[in-house]
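Below is one structure; the comments refer to it alone.
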Amino acid sequence: MFEEILDVKGCACGHNHTLKTRDYIVERNAMEKLPALLEKSFAGAKPLAVFDQNTYDAAYPKLKKALPDIDTLILTGEKIVPNEFQLDTVTQVLKTGGFDLLLAVGAGVITDVTRYVALKQDVPFISVPTAASVDGFVSDNAALTLNGAKVTLPAKAPDAVVADLEIIAAAPLKMTASGVGDMLSKYISVADWKIGHLITNEYYCPFVADLTLKAVNIIVDNIEAIRKGDIESIGTLMEGLLLSGITIQMVGITRPASSFEHHFSHYLEVTPIEGIDHDALHGEKVGIGTVNAAKYYPIFAERLGRIFRENLENQFSMERVKEYYSKYPQSVVEMVEKENTPTITGNLNVGLLRQNFDKVRQVASEVPSSEKIVSTLRTVNGYTDYHQIGMTDEQFKETMKICCYIRNRFTLLRLMCDYRLFDFDKELTF
């Protein structure tokens, strides 16, 4: 699988693309092929499989059948958080047991903990997804909670992926809906990437962008079958999620897969906002962010014309941003200050904006409507409204005003905030 893009030479973007993750087994009973994969690529290795209790219940029977002598570690806790305790736990078991290969059996948290330990201890690891819930299975970054603050740090991309579709199809529909939400966001991230290229001349790869959008469109076209748990269609969703992570490997940046709809989710994951359902899955919050991004995207694009017509100045202020975050822990404020120094919107080339403004509006017009995003998410019972996670209208206004500063990323939302082109208190509709 993905053989045609393992190594792409002479891409039109001017770069060669080589994947770190070389083996992909995404099929029914994929677990049965794990012994052959180990023999081929990791002969003589002593593997340790890392689970939480839910993923252990879902996947261990098949894993045990495939690898009768497999050693296991079940991470414990009422809510598993990718923090120092879990990192230390995996590290200590890895060292004391003499293991030299890790299997991350699960989804987001399990994979993030395992991939970070794999980097620090310089051992290979295999991703074994148990649900089609996120697009980060082949990422080489880890979302961790260190010193009480959520951070993203370099980690190890998996050497291989073994996705058993029977296990994945049996996961709760809520997990699948999260994966769909994560994939729908690519409509916004690719649009922001294209526009960033048009008005700052930042690096952009049309081949990678097209791969991403094709994966999303196939998922949308198969959404009814995905809802019903059809194995082949769940495989399509899983392949799309993997391909999204693969595109990040191909270009070395998260531009194809994450933009201001993800900042909506990241903000809620970092800041302790009262009343919010902090157990909502990443992809569920991203889906809500995508609905609202699609709703306002054409408006935001049109507002950019004011920058060159009225000779507007960038009004970014670190003091204003710090004031926004002042009610949160000092570690969050320090992270935001460091992240946004200097502001990414300083890269705007007003001449390019004037020259390419019609192209910018064209890109924005091609983003699917919020109604279509909502319809797709509702098909799989996904979240579409911020009220579903306990957010009030006032909290939504505040989030839209300041979530873009959680990452220093060139987005239309960030331009609205830095150039004060949109009045979030008066113009948001509910």
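The values are calculated or read from the model by the stated rules, or taken from the named source; none is laboratory data. The model shown is predicted, which means the values in this text are computed figures rather than measured ones. Please note: Cβ atoms are built from the backbone with ideal geometry, for glycine as well, and neighbour counts cover all protein chains shown. In case anyone asks, the SASA skips ligands and DNA or RNA and just uses the protein heavy atoms, side chains included. Shrake-Rupley method; radii C 1.70, N 1.55, O 1.52, S 1.80 Å.
Please find, within the range 172-195, the residue that is farthest from residue 107 (Cα to Cα) out of those that are open to solvent by 20 Å² or more (accessible area, probe 1.4 Å) and touching a residue at least 60 places away in the same chain (Cβ under 8 Å).
Of all residues in the range 172-195, those open to solvent by 20 Å² or more (accessible area, probe 1.4 Å) come to 172-175, 187, 194.
Of the ones still in play, those that are also touching a residue at least 60 places away in the same chain (Cβ under 8 Å) are 173-175, 187, 194.
On the way: 173: 14, 174: 13, 175: 10, 187: 23, 194: 30 Å.
Result: 194.
Conditions tested, residue by residue: (1) of a type in the set (A, V, I, L, M); (2) closer than 28 Å to residue 183 by Cβ; (3) open to solvent by less than 10 Å² (accessible area, probe 1.4 Å); (4) within 23 Å of the chain's Cα centre (by Cα).
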site: 312; (1), (2), (3), (4): yes, no, no, no
site: 328; (1), (2), (3), (4): no, no, no, no
site: 363; (1), (2), (3), (4): yes, yes, no, yes
site: 368; (1), (2), (3), (4): no, yes, no, yes
site: 379; (1), (2), (3), (4): no, yes, no, yes
site: 387; (1), (2), (3), (4): no, yes, no, yes
site: 401; (1), (2), (3), (4): no, yes, no, yes
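Quick one: would you say residue 236 is buried (at least 24 other Cβ atoms within 10 Å of the Cβ) and not assigned by the TED database to the domain that holds residue 33? Walk me through how you get there before you give the answer.
Numbers: buried (at least 24 other Cβ atoms within 10 Å of the Cβ): no; not assigned by the TED database to the domain that holds residue 33: yes.
In short, no.
Looking at the range 403-414 only, could you name the residues that are open to solvent by less than 30 Å² (accessible area, probe 1.4 Å) and assigned to a loop (DSSP other than H, G, I, E, B)? Write out each step before concluding.
Residues of the range 403-414 that are open to solvent by less than 30 Å² (accessible area, probe 1.4 Å), as a first pass: 403-406, 410-414.
Across the range 403-414, the qualifying residues are 410, 411.
Tally time: how many residues in the range 251-263 are outside any loop (DSSP other than H, G, I, E, B) and closer than 12 Å to residue 206 by Cα?
Number satisfying all stated conditions: 1.
Given the criteria among the hydrophobic types (A, V, I, L, M, F, W, C), in contact with a helix residue (DSSP H, G or I) (Cβ under 8 Å, 6 or more places away or on another chain), over 30 Å from residue 171 (Cα atoms) and not assigned by the TED database to the domain that holds residue 276, does residue 396 qualify?
On the way: among the hydrophobic types (A, V, I, L, M, F, W, C): yes; in contact with a helix residue (DSSP H, G or I) (Cβ under 8 Å, 6 or more places away or on another chain): yes; over 30 Å from residue 171 (Cα atoms): yes; not assigned by the TED database to the domain that holds residue 276: no.
In short, no.
Restricting attention to the range 282-310, and to residues there that are touching a Lys or Arg at 6+ places or on another chain (Cβ under 7 Å) and not acidic (Asp, Glu), which single residue is least open to solvent (accessible area, probe 1.4 Å)? Talk me through it step by step, then tell me what you get.
Keep residues of the range 282-310 that are touching a Lys or Arg at 6+ places or on another chain (Cβ under 7 Å), which gives 301-302, 308.
Next, only the ones that are not acidic (Asp, Glu) stay: 301, 308.
Details: 301: 1, 308: 33 Å².
This residue is 301.
If we scan the range 149-158, do we find a residue that is surrounded by fewer than 23 Cβ atoms within 10 Å (Cβ to Cβ), over 23 Å from residue 251 (Cα atoms) and assigned by the TED database to the domain that holds residue 89?
Yes, some residue in the range 149-158 is surrounded by fewer than 23 Cβ atoms within 10 Å (Cβ to Cβ), over 23 Å from residue 251 (Cα atoms) and assigned by the TED database to the domain that holds residue 89.
Restricting attention to the range 389-399, and to residues there that are surrounded by fewer than 16 Cβ atoms within 10 Å (Cβ to Cβ) and in a loop (DSSP other than H, G, I, E, B), which single residue is nearest to the chain's Cα centre (by Cα)?
390
Which condition number does residue 375 fail, the rest of (1) under 25 Å from the mean Cα position of the chain (by Cα); (2) touching a residue at least 12 places away in the same chain (Cβ under 8 Å); (3) open to solvent by less than 100 Å² (accessible area, probe 1.4 Å); (4) under 29 Å from residue 181 (Cβ atoms) being met?
(2)
Among the residues of the range 102-121 satisfying the criterion of being assigned to a helix (DSSP H, G or I) and β-branched (Val, Ile, Thr), which is most open to solvent (accessible area, probe 1.4 Å)?
Our first condition is that a residue be assigned to a helix (DSSP H, G or I); within the range 102-121, this holds for 108-121.
Retained after the next criterion (residues that are β-branched (Val, Ile, Thr)): 109-111, 113-114, 117.
On the way: 109: 50, 110: 4, 111: 2, 113: 0, 114: 0, 117: 3 Å².
Once the filter is applied, the top-ranked residue is 109.
Being in contact (Cβ under 8 Å) with a residue 12 or more places away in the chain, at positive phi and not assigned by the TED database to the domain that holds residue 381: is that true of residue 229 here?
On the way: in contact (Cβ under 8 Å) with a residue 12 or more places away in the chain: yes; at positive phi: yes; not assigned by the TED database to the domain that holds residue 381: yes.
Yes.
Restricting to the range 272-281, and then to whatever is modelled with pLDDT of 90 or more and of a type outside the set (A, V, I, L, M), can you tell me which residue is most open to solvent (accessible area, probe 1.4 Å)? Walk me through it before giving the result.
At the first step, the residues of the range 272-281 found to be modelled with pLDDT of 90 or more are 273-277, 280-281.
Among the residues that remain, those that are also of a type outside the set (A, V, I, L, M) are: 274-275, 277.
Details: 274: 159, 275: 58, 277: 55 Å².
Per the stated criteria, the residue is 274.
Taking the condition of being touching a residue at least 24 places away in the same chain (Cβ under 8 Å), open to solvent by 20 Å² or more (accessible area, probe 1.4 Å) and within 14 Å of residue 314 (Cα to Cα), how many residues in the range 330-347 meet it?
Number of matching residues: 4.
Taking the range 200-233 on its own, how many of its residues are in a helix (DSSP H, G or I) and either of a type outside the set (D, E, K, R) or open to solvent by less than 60 Å² (accessible area, probe 1.4 Å) (or both)? Before you say what the answer is, go through the steps one by one.
Step one: of the range 200-233, the residues in a helix (DSSP H, G or I) are 200, 206-221, 223-227, 231-233.
Now restrict to residues that are either of a type outside the set (D, E, K, R) or open to solvent by less than 60 Å² (accessible area, probe 1.4 Å) (or both): 200, 206-209, 211-213, 215-220, 223, 225-226, 231, 233.
Adding up the residues that qualify gives 19.
Filter the range 77-93 down to the residues that are more than 16 Å from residue 145 (Cα to Cα) and touching a residue at least 24 places away in the same chain (Cβ under 8 Å), then identify the one that is least open to solvent (accessible area, probe 1.4 Å).
The extreme case among them is 91.
It is to be established whether one or more residues within the range 94-101 are open to solvent by less than 10 Å² (accessible area, probe 1.4 Å), assigned to a helix (DSSP H, G or I) and not polar (S, T, N, Q).
To start, the set of residues in the range 94-101 that are open to solvent by less than 10 Å² (accessible area, probe 1.4 Å) comprises 94, 101.
Next, from what is left, pick out any that are assigned to a helix (DSSP H, G or I): 94.
Now restrict to residues that are not polar (S, T, N, Q): 94.
Yes, that holds for at least one residue.
Among 122, 164, which is the only one that is of a type outside the set (Val, Ile, Thr), over 25 Å from residue 332 (Cβ atoms) and without any contact (Cβ under 8 Å) to a residue 24 or more places away in the chain?
122
Take the residues in the range 316-340 that are of a type in the set (S, T, N, Q) and over 19 Å from residue 413 (Cβ atoms), then tell me which one is modelled with the lowest pLDDT. Talk me through it step by step, then tell me what you get.
Taking the range 316-340 and keeping what is of a type in the set (S, T, N, Q), we get 317, 326, 330-331, 340.
Pick out the ones that are also over 19 Å from residue 413 (Cβ atoms) and you get 326, 330-331.
Working: 326: 96, 330: 90, 331: 85.
So, considering only residues that are of a type in the set (S, T, N, Q) and over 19 Å from residue 413 (Cβ atoms), the one modelled with the lowest pLDDT is 331.
Hey, does the range 366-374 have a residue that's assigned by the TED database to the domain that holds residue 412 and closer than 14 Å to residue 412 by Cβ? Even if it seems obvious, please write down each step before you answer.
Let us first name the residues in the range 366-374 that are assigned by the TED database to the domain that holds residue 412, namely 366-374.
Those left that are additionally closer than 14 Å to residue 412 by Cβ: 366-367.
Among the residues of the range 366-374, at least one is assigned by the TED database to the domain that holds residue 412 and closer than 14 Å to residue 412 by Cβ, which makes the answer yes.
Are any of the residues in the range 77-87 at pLDDT 95 or above and closer than 21 Å to residue 31 by Cα?
No, the conditions are met nowhere in the range 77-87.
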